[in-house]
Amino acid sequence: MTRALGAGLRRVVEAADPVSGRVKGTEAQLAGLVKRGLAFRHPRAPHGHFLTPAGHRMRDRIREGDSGAEGKNGAGAAEGAAGGAAAADGVFAARVGGEEGAAEGGAARSREVRSAWQGLLELRRMSHTDGATDRPCGWERGHLVQAAALALEAAGHRPAGKGAGADGYRVRETPQPEAVAVYEADGEALRACAATLEAAGWQAGEYTEPRTRARYLLASPRRV
């Protein structure tokens, strides 16, 4: 469900640090933001609270004077890595390719993708003990398809539209642990996807399906 924030929570979100997204408020207010998927509690001491990417977008809308509804983030905070590429209820979802309207772009979509990617990099920084942003974090390992799709879309690759013959990338689950398959009919575009994923902290190798002879990438998050 989505619903408008109360005045108190709106003030807390609006006052968040514009860079780190750290928010301060009463325990009830912070718990309310976490419940709505707009903030998460950092797993390490002193256990501060920070806006998720959905929270950052809500902050932007509040500052722009938009009183619209907020969305519930699709990533759970149970592992201390909530927020990132996939939010529910139409707020934001990384385009994996093949869904209705996946090939549609525009300035608004570009801003959403850029905001989600920056939020994910910040999540990496806060999740890793060394503050590194060059390798995936726990949230990404738990949401492989969405994380890989966000890395590709943020780098400017086009997701495939609806229909088997549509051009663009498609990210799919695989039976292998911590691995996704990336399909792209054009060989040069497939290699460009591999380069993007490797730059984003993934390992990617190119393979051929025995039955269809289709080329695809098998990509896994890099650990070190």
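When restricted to residues that are closer than 21 Å to GLU140 by Cβ, open to solvent by 20 Å² or more (accessible area, probe 1.4 Å) and among the hydrophobic types (A, V, I, L, M, F, W, C), the stretch 193-224 contains 5. The lone criterion from (1) at pLDDT below 95; (2) of a type in the set (Ser, Thr, Tyr); (3) open to solvent by 60 Å² or more (accessible area, probe 1.4 Å) left unmet by SER127 is number (3). Screening the candidates ARG109, ARG141, ARG135, ARG114 for the property of being out of contact with any Cys (no Cβ under 8 Å at 6 or more places or on another chain), on the phi < 0 side of the Ramachandran plot and open to solvent by 60 Å² or more (accessible area, probe 1.4 Å) yields one hit, ARG114. For the stretch 171-224, the set of residues classified as charged (D, E, K, R) and free of Cβ contacts under 8 Å to residues at least 12 places away in the same chain consists of GLU188, GLU198, GLU209, ARG211, ARG213, listed by residue number. Is it true that some residue in the stretch 79-91 is in a loop (DSSP other than H, G, I, E, B), at pLDDT 85 or above and open to solvent by less than 30 Å² (accessible area, probe 1.4 Å)? No, that holds for no residue.
If the requirement is being of a type in the set (A, V, I, L, M, F, W, C), out of contact with any Pro (no Cβ under 7 Å at 6 or more places or on another chain), closer than 23 Å to LEU190 by Cα and open to solvent by less than 20 Å² (accessible area, probe 1.4 Å), which of these qualifies: ALA147, ALA155, ALA151?
Matching residue, one of ALA147, ALA155, ALA151: ALA151.
Screening ARG170 with (1) under 14 Å from the mean Cα position of the chain (by Cα); (2) farther than 17 Å from ARG109 by Cβ gives one miss only, at (1). Among the residues of the stretch 102-140, the ones that are assigned to a loop (DSSP other than H, G, I, E, B), among the small types (Gly, Ala, Ser) and under 23 Å from ALA160 (Cα atoms) come to 4 in all. Apart from one condition, PHE40 fits all of (1) out of contact with any Lys or Arg (no Cβ under 9 Å at 6 or more places or on another chain); (2) over 21 Å from LEU5 (Cβ atoms); (3) at pLDDT below 85; (4) outside any loop (DSSP other than H, G, I, E, B); the exception is (2).
The values are calculated or read from the model by the stated rules, or taken from the named source; none is laboratory data. Keep in mind the model is a prediction, meaning the values are calculated, not measured. Ideal geometry is used to build each Cβ from the backbone, glycine not excepted, and the neighbour counts take in all protein chains shown. Just the protein is used for accessible areas: all its heavy atoms, side chains included, with ligands, DNA and RNA removed. Shrake-Rupley method; radii C 1.70, N 1.55, O 1.52, S 1.80 Å.
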